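Down below is the structure, laid out as C-alpha cells.
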Amino acid sequence: STLVEETEQKLTLAAPAAATLPPSSSRAVRLPVRPGFGTRGRKCVVRANHFMVQLAKRDIHHYDVSIDPEVTSQKINREIISQLINLYRLTNLGERIPAYDGMKSIYTAGPLPFESKEFIITLPDSDPRPSSSASPGTERQFRVVIRLASQPYVYTLQKFIQVLDVVLRAAPSEKHTVVGRSFFSTDLGPMGQLGDGIEYWRGYFQSLRPTQFGLSLNIGFSHYILYNLMLLIFILSKLDFFFFSDLSRPLSDQVRLK
C-alpha cells in the first residue's frame, strides 16, 4: 500500500506541472523556469523610472493606410492623418482617435464604422525652398484610403507591445522631434550650445517592458546633438573652414577634404 500511495502522490504532483508548462514555439524552444527569489540579505525599497500600465479591456483593430500621392516624410504623413482625425472624428470615425505609426498602419480601441473608406485631405504647401514649383498660398490634396486589416490585433505578446508603443508615441510624435524611441523639443527645457555650430536639445525616451508584475512603461531623460539652424556659410565660418572674404575664391583641397 505504501508503494501505491507513493505512486499516486507522484502522479498528483506531476499533473499540475504538466498542465502549466508554457506552449512551445514554432522552433520547439522552451524558456527556462525561474528557480526562485533570493532569501538572504536585507530588503530595501528601490525607486525606478518604471510605471505600471493598466489597460482597458478593448479589442485592438488594425487598419492599413495608403496615401496618394505617396509621401516619404513621416512628419507630413502625420499631418495628413491628424487633419483627417480633426475633420472626421465625430462623424466617419465614430468618435474614435486612431493611433498612427507614421507609415502604413493605424490602430483603434474598437472597430471603426466601416471596413474600407476613402478620404480627401487638403494641406497647405509648406515647402520653404525657393526652387519649389508651388506658389505661395497653394494647397495639396491627398487621397487617403483606410482599410481593415485584422481584428482583433493580438497575435503574440511582442506584437501587442509594439502596438501599444505606437499608441503611446502617437501624441508626442505630433508635438516633438522624434529620434528612435526618444522625443526632443525646446519646450522640454532650454537648449545648450556646445560650440562649433553644434547644440543639444533636451528630451526623453520611453518604451514598454514586460515584467513579472505586468507591463511597465520605462521613461528617462535624453539629449540630442544637432547642428545650429543657420545658413551653411555661417556654419562653415564657425568651423574655421573659411572667412566671408574667401567666398569669391574656390575652396582649397585642404579645406574641401574636411
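Taking label points 7 Å from Cα along the Cα-to-Cβ direction, residue 148 and residue 118 give a separation of 2.0 nm. Label separation (residue 141 vs residue 185): 3.3 nm, computed from points 7 Å beyond Cα along the C-beta direction. Using the Cβ of residue 104 as centre and a radius below 12 Å, the other residues enclosed give a net charge of -2, where K and R count +1 and D and E count -1.
The stretch 40-63 and the stretch 179-213 have their alpha-carbon centroids 22 Å apart. The modelled label-to-label distance between residue 253 and residue 58, using points 7 Å beyond Cα along the C-beta direction, is 6.6 nm. Backbone geometry of the stretch 78-95 corresponds, through the Karplus equation with coefficients 6.51, -1.76 and 1.60 at θ = phi - 60°, to 3J(HN,Hα) couplings of 5, 5, 5, 5, 4, 5, 4, 5, 4, 7, 10, 4, 7, 10, 5, 8, x, 6 Hz, x marking Gly and Pro. What is the sum of charges, Lys and Arg at +1 and Asp and Glu at -1, for the other residues whose Cβ falls under 12 Å from the Cβ of residue 183? Local charge sum for residue 183: +2. By the beta-carbon count within 10 Å of each Cβ, the least crowded to most crowded order of 182, 207, fewest first, is 207, 182.
Coordinate-derived values only; no laboratory data. Source: prediction; values computed, not measured. Please note: Cβ atoms are built from the backbone with ideal geometry, for glycine as well, and neighbour counts cover all protein chains shown.
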